[in-house]
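Chemist: I have a structure here, written as structure tokens, and I will follow up with some questions on it.
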Amino acid sequence: MSIIEYEKAQKMGVKAYKTAVQKGRHPYLPVLDEILSENDIVKEVSLGVICVPLSRVVGTSTRSRTYSFANNFMPILEPKTEFAYKWSALADAQMHEGIRDPIKVYEYLNYFYVIEGNKRASVMKFFDALEIPAEVIRKIPKRTDEKENKIYYEFMDFNKITGINDIWVSDEGNFQKLINDVFSSKRAMIRKTAGETGKLTSAMLTEYAVDPEDYVRSAAEVWTEDDTKDFMSAYYKFRECYEQKGGKKLENITTGDAFLAFLDIYDFYEAVDMSRDEMKKAIERTWEEYLTKNKNEILDINLTPPAEGKKSIIGQMFTPAPTAARPLKVAFIYDRDPMTSDWLYAHELGRNHIKEVFGNKINTLKIMTAETEDEALLAMDELIEKQKVEVIFTTTSRLVDASLKCAVKHPNVKILNCSLNTSHRYIRTYYARLYEAKFLSGMIAGCLTETNRLGYLANYPIFGVTADINAFAMGALMVNPKAVVNLKWTTLKEEEKRSEMYREFFEDNIDYISDQDMIRPNNASRRFGMYKLSAGEPENIAMPLYNWGVMYERIIKLIINDSWDDADSGNAGIPVNYWWGFSSGVIDILLSNKLPYNTSRLVAAMKQEITDGSFAVFKDRIVSNTGEEKNPEGRLMPPEEIMTMDWLLENVEGTIPVIDSLKENAREIVELKGVLKEDEDTSGS
């Protein structure tokens, strides 16, 4: 009989017990009956017999056996006891034939508490088994607003789709993101395979009567048994290498959080195909990313440009300033032709600005064909390896993953992505606080409206856009308490054509509209900025605008003057996001000369107040259109909350759309940087 194994296990248990006592922690197994009451539970659901991860078997259902084990599930009773003999007999069985009989457990918040089979669980843990068969009864808690509760409900959806229960994440939305990462890789593989084999033919599409992208999505977005096998293979491999590197010491993130960060950098199937040695090297290269995730402060938001400084004499010796003979090579990556997009056209104007400012000291290149992540990666690799580019600006949030992957591969190249609320150690991000100009635009509309009804056309429900909408509505409300803003989204699947939206605005007695921010060069129109709607041509009143050239100029000066690394000093390696507003000159607002004189004075005064920092748009009591107070009197809303707004101001008519209601080309962007809005939950079984 394996009494020797019992003695080893008991030593482990006694050590854990003493350590817990010394640190003031509970030394025994947690007891589910003492954690919750039946009033906390909506219902119990049988999941049948499944394999459960032993790492998540953490306690017992009742107090009766808890004093036989330390909090690591190792026994603490003396060897010469009936308990020890039974434990040893189970150890013999495990060594010779394996324990086959399932234990019985309650599952609560993805932790398992043993009803029957405590000794079997202890023996299996002693032998470092990964999982154990168990008859599982799930205790489903009542819905609450607590973060852990919300994540658990998301886990139940994830578990229902995948059957996976051996992973946990610590942020809302991340279980769905794990699924999205797999589906994204499957879509890419289907497209690649179809392109190589010619399977995705027009005849095939005619047979299925679907659009190519609809076919790809419908084929990819079905979770299969192979997906589960691939996922667990990649995850177990990652977990082993991550823990060997020291991942267990990162106490503020779970291994699931780290795996999700890994999949931000490496494609899912790339992770599946990695050998253990390749996985170890990949984790080593990306280790800073996990250290960043482990910090409580995940983003250093830089609201004003840092001091440019001056290159030291020593710095000039080792990194001489750019010259015509050796210019700084800067590349801009666009996902399509800037002439077809008001957003990209503004960035192209920024590129032209720095060409004028720096002359032959810099050499700018641009890529306009980076429609997919693979195309962006290929373009950046060639720019770096063949053109020796030193700085890359990727101008849309959809290129953030490609930017991150390229930065890990080329750590000496400075890569910046134009996006908000992106926390990655290897890249920097930049954006502009356009909401400050939108606020002034809303003030003007609120002053001029004769109907008290204003319109707002928005495109993607992503970070930053919601703040723009609310700022416009806030500006209108400050000067006109009767002002109402009717919100329409241009990227909804079932949305009518833009011309129909204008007609509906007109018929709804709306007289001023906030529309796209700039003209689109290949489709010039007067419908941009904020304008008066009429039966004839719109009358342009105000135009909030981006001066991206100012931002690019300031960032390049930081690099030239060796001030780039200064942004990291004092922030302990936190990712940097430049988010500049009026005070930096990165945004502005152009006003029509037809604007009433005193309205112009009011706008100029408010603009100066915002620039000086003596007035903040989102301060004091703010109420959403559902009646919920989002900010109390006297409080300045922090930048993180402004970035991630997922609500609309009290005078806004409309909602933030869920992702499934969006057009195909919008879903990809919103999946990356969208405001978190899920469909109504139907889980719980």
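The values are calculated or read from the model by the stated rules, or taken from the named source; none is laboratory data. Values in this document were obtained by computation on a predicted structure and should not be read as measured data. Here the Cβ is made from the backbone with ideal geometry for all residues, glycine too, and neighbour counts use every protein chain on show.
Residue-by-condition table, conditions (1) among the hydrophobic types (A, V, I, L, M, F, W, C); (2) free of Cβ contacts under 8 Å to residues at least 60 places away in the same chain:
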| site | (1), (2) |
| --- | --- |
| Arg65 | no, yes |
| Ser68 | no, yes |
| Leu77 | yes, no |
| Tyr85 | no, no |
| Val114 | yes, yes |
| Lys125 | no, no |
| Pro133 | no, no |
| Asp145 | no, yes |
| Phe155 | yes, yes |
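Chemist: Does any residue of the range 372-388 turn out to be outside any helix (DSSP H, G or I), under 25 Å from Asp342 (Cβ atoms), aliphatic (A, V, I, L, M) and in contact with a strand residue (DSSP E or B) (Cβ under 6 Å, 6 or more places away or on another chain)?
Modeler: Quick first cut of the range 372-388, residues outside any helix (DSSP H, G or I) only: 372, 386-388.
Restricting the remaining residues to those that are under 25 Å from Asp342 (Cβ atoms) gives 372.
From the residues that got through so far, the ones that are aliphatic (A, V, I, L, M) too are none.
No: the range 372-388 contains no residue that is outside any helix (DSSP H, G or I), under 25 Å from Asp342 (Cβ atoms), aliphatic (A, V, I, L, M) and in contact with a strand residue (DSSP E or B) (Cβ under 6 Å, 6 or more places away or on another chain).
Chemist: Hey, can you tell me all the residues within the range 222-272 that are assigned to a helix (DSSP H, G or I) and of a type in the set (Val, Ile, Thr)?
Modeler: Within the range 222-272, Thr228, Thr255, Ile265, Val272 qualify.
Chemist: Taking Thr491 as the residue in question, decide whether it is surrounded by fewer than 23 Cβ atoms within 10 Å (Cβ to Cβ), closer than 26 Å to Ser600 by Cα and among the polar types (S, T, N, Q).
Modeler: On the way: surrounded by fewer than 23 Cβ atoms within 10 Å (Cβ to Cβ): yes; closer than 26 Å to Ser600 by Cα: no; among the polar types (S, T, N, Q): yes.
In short, no.
Chemist: Sticking with this one: What number of residues in the range 402-421 are among the polar types (S, T, N, Q) and surrounded by fewer than 24 Cβ atoms within 10 Å (Cβ to Cβ)? Give the steps one after another, and end with the answer.
Modeler: Going residue by residue through the range 402-421, those that are among the polar types (S, T, N, Q) are 403, 412, 417, 419, 421.
Now drop any that are not surrounded by fewer than 24 Cβ atoms within 10 Å (Cβ to Cβ), which leaves 412, 421.
Counting residues in the range 402-421 that are among the polar types (S, T, N, Q) and surrounded by fewer than 24 Cβ atoms within 10 Å (Cβ to Cβ) gives 2.
Chemist: Assuming Gly549 fulfils every condition listed in (1) crowded, with 17+ Cβ neighbours inside 10 Å; (2) part of a helix (DSSP H, G or I); (3) in contact with a Phe, Trp or Tyr (Cβ under 7 Å, 6 or more places away or on another chain) apart from one, which condition is it?
Modeler: (3)
Chemist: Of everything in the range 389-404, what is in a strand (DSSP E or B) and of a type in the set (Lys, Arg)? Give them in sequence order.
Modeler: Within the range 389-404, the subset in a strand (DSSP E or B) is 391-394.
Residues satisfying the conditions do not exist here.
Chemist: Right, another one. Check whether at least one residue in the range 54-63 is more than 30 Å from Lys160 (Cα to Cα) and either polar (S, T, N, Q) or at pLDDT below 95 (or both), and report yes or no. Explain how you work it out, then say what you get.
Modeler: Filtering the range 54-63 for residues more than 30 Å from Lys160 (Cα to Cα) gives 63.
So of that shortlist, the ones also either polar (S, T, N, Q) or at pLDDT below 95 (or both) come out as 63.
Among the residues of the range 54-63, at least one is more than 30 Å from Lys160 (Cα to Cα) and either polar (S, T, N, Q) or at pLDDT below 95 (or both), which makes the answer yes.
Chemist: Starting from residues that are surrounded by fewer than 18 Cβ atoms within 10 Å (Cβ to Cβ) and touching a residue at least 12 places away in the same chain (Cβ under 8 Å), keep the ones in the range 476-485 and report whichever is farthest from Met443 (Cα to Cα).
Modeler: The initial filter retains those residues of the range 476-485 that are surrounded by fewer than 18 Cβ atoms within 10 Å (Cβ to Cβ), namely 478, 481-482.
After this cut, where a residue has to be touching a residue at least 12 places away in the same chain (Cβ under 8 Å) as well, the list is 478, 482.
On the way: Met478: 7, Lys482: 13 Å.
Taking the candidates together, the pick is Lys482.
Chemist: Let me ask something additional. Can you list residue pairs whose Cβ atoms sit under 6 Å apart, with the first residue in the range 395-408 being closer than 13 Å to Arg425 by Cα and the second being among the small types (Gly, Ala, Ser)? Count only pairs 6 or more apart in sequence or on different chains.
Modeler: Val400/Ser419
Chemist: Could you please find all residues in the range 331-345 being among the aliphatic types (A, V, I, L, M) and either under 15 Å from Asn417 (Cα atoms) or out of contact with any Phe, Trp or Tyr (no Cβ under 8 Å at 6 or more places or on another chain) (or both)? Walk me through how you get there before you give the answer.
Modeler: Step one: list which residues in the range 331-345 are among the aliphatic types (A, V, I, L, M), which gives 331, 333, 339, 344.
Selection gives Ala331, Ile333, Leu344.
Chemist: Just need a number here: residues in the range 291-329 that are under 27 Å from the mean Cα position of the chain (by Cα), part of a strand (DSSP E or B) and at pLDDT 90 or above. Can you show your working first?
Modeler: Initial filter on the range 291-329 (under 27 Å from the mean Cα position of the chain (by Cα)): 291-306.
Cutting the leftovers down to part of a strand (DSSP E or B) gives us 300-302.
Filter once more, keeping what is at pLDDT 90 or above: 302.
Summing the residues that are under 27 Å from the mean Cα position of the chain (by Cα), part of a strand (DSSP E or B) and at pLDDT 90 or above in the range 291-329 gives 1.
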